[in-house]
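Colleague: Pasting a structure here, questions to come.
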Amino acid sequence: MNRPLVIGNWKMNLDYVEAVHLIQQLGVVLKNKPLEHVDLVVVPPFVDIRSVTSVVESERVALEVGAQHASVHDAGAHTGEVSVSMLQRLNVTWVLVGHSERRAMYAMTDEVVAQTLRTVVRQGLRAVLCVGEELSVREAQNDRDFVTAQLHAALEGLDEKWRPLVTIAYEPVWAIGTGLTASTEQVREMTEHIRTVAASLSLGDVRVLYGGSVNAENAAALVNEGHVDGFLVGGASL
Ligand code: PGA
């Protein structure tokens with residue numbers, strides 16, 4: 001069993017004042033909780049990161065801070081982009097790579113996903129590689145092949161020394177923000193498949209998370225029966 005990991009992806013929600021409020025509340029909730037066996041990460045919008053890390057550091061909140069995306073470039077004429085080194089300066093330690101919303105809405109191809117993942121881990125940050133199929137792909141029973149191809153595109157040839165920095169999140173697109181959670185059986189089948197493919201790419205003990213309408217009610221069953229190492233939570237993390 002890998003050490004459990006729960007990541008809250010705030011997406012494009014909460015301005016920096018609201019973000020400070022939420023992280024302070026989280027700090028209160030987490031005080032005196034036995035957190036030594038679980039890793040917690042919050043992933044605010046870029047503009048909130050500085051404020052959130054300030055609270056995390058000054059109030060010693062037991063979690064780490066991530067970013068929702070990063071540029072493949074380190075600096076230069078890339079209007080609107082944020083580099084990994086800029087994130088590192090803000091004590092960001094995790095980056096989501098290839099979230100389905102970025103793939104679908106911002107033309108993030110498998111190739112860019114692979115480049116981004118390498119850019120993140122080469123600077124020593126942890127990458128959460130997001131994979132998952134659309135509903136039509138699952139209905140055509142191509143979900144495993146689809147996810148296999150995404151994993152190969154992102155991870156093939158990744159230098160051995162960076163592999164411990166990779167986490168995989170299985171997020172079926174049809175379950176994200178829809179209230180439709182994948183069944184524990186679907187999650188177990190796919191996470192087992194992902195572990196097999198990851199092992200064939202020499203990522204034997206990679207953590208595999210599930211994301212897609214996770215909440216306080218369905219989380220326990222997804223861990224116990226779905227055999228995941230944790231969650232990437234969107235809506236419920238707010
Ligand atoms: P959701 O989002 O929990 O709101 O479905 C999950 C995600 O996109 O990471």
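The values are calculated or read from the model by the stated rules, or taken from the named source; none is laboratory data. Note that the coordinates shown come from a computational prediction; the quantities given were computed from them, not determined experimentally. Here Cβ is always computed from backbone atoms with ideal geometry, including for glycine, and neighbour counts include all displayed protein chains. Just the protein is used for accessible areas: all its heavy atoms, side chains included, with ligands, DNA and RNA removed. Shrake-Rupley method; radii C 1.70, N 1.55, O 1.52, S 1.80 Å.
Colleague: What number, rounded to the nearest 500 deg cm²/dmol, is the helix-based mean residue ellipticity at 222 nm of the chain, given -39500 (n - 2.57) per DSSP H run of at least four residues and division by all its residues?
Modeller: Helix contribution divided over all residues of the chain: -11500 deg cm²/dmol.
Colleague: Calculate the tail of P(r) for the stretch 49-191: the fraction of all Cα-Cα distances greater than 28 Å, expressed in %.
Modeller: Within the stretch 49-191, distances greater than 28 Å cover 24 percent of Cα pairs.
Colleague: At 1.567 mPa s and 4 °C, plugging the Kirkwood radius over alpha-carbon pairs of the stretch 63-105 into Stokes-Einstein gives what diffusion coefficient in µm²/s?
Modeller: For the chosen part, D equals 116 µm²/s.
Colleague: Under a 5 Å amide H to amide H cut-off, with H placed in plane at 1.01 Å, what residues pair with Arg126 once short-range neighbours are removed?
Modeller: Trp94, Val95
Colleague: Sticking with this one: Using the Karplus curve 6.51 cos²θ - 1.76 cosθ + 1.60 with θ = phi - 60°, work out ³J(HN,Hα) for each residue of the stretch 37-48 in order, rounded to whole Hz, and write x for Gly and Pro.
Modeller: 10, 9, 9, 10, 9, 10, 10, x, x, 3, 5, 9
Colleague: In the stretch 1-113, carbon and sulfur make up what percent of the accessible area (probe 1.4 Å)?
Modeller: Of the solvent-accessible surface of the stretch 1-113, carbon and sulfur hold 56 percent.
Colleague: Another question, if that's okay. How long is the gain from Leu180 to Gln24 if the chain were fully straight, where each residue apart is worth 0.36 nm and the alpha carbon distance is subtracted?
Modeller: 53.1 nm
Colleague: Give me the distance in nm between label points sitting 7 Å out from Cα along the Cα-to-Cβ direction at Ala104 and Lys161, one decimal.
Modeller: 3.9
Colleague: How far apart, in nm, are the 7 Å Cα→Cβ label points at Leu135 and Ala221?
Modeller: The two pseudo-label positions are separated by 2.0 nm.
Colleague: A further question follows. For the chain, set up a Gaussian network in which alpha carbons nearer than 10 Å are linked by springs, and say which option among Arg60, Arg118, Arg195 fluctuates the most.
Modeller: Result for the chain, Cα springs under 10 Å: Arg60 fluctuates most.
Colleague: Name the GluC sites (Glu not before Pro) in the stretch 1-79 that are in a loop by DSSP and that have at most 15 other C-beta atoms within 10 Å, would you?
Modeller: Details: sites: Glu18, Glu36, Glu57, Glu59, Glu64; in loops: Glu36, Glu59.
Sites meeting the loop and neighbour criteria: Glu36, Glu59.
Colleague: Which far-off residues, 5 or more places away or on another chain, put their amide H under 5 Å from the one on Val233, with H placed in the peptide plane?
Modeller: Ile7, Gly8, Asn9
Colleague: Could you compute the FRET efficiency for Leu238 and His37, with r as their C-beta to C-beta distance and R0 at 41 Å, rounded to 0.05?
Modeller: FRET efficiency, Leu238 to His37: 0.95.
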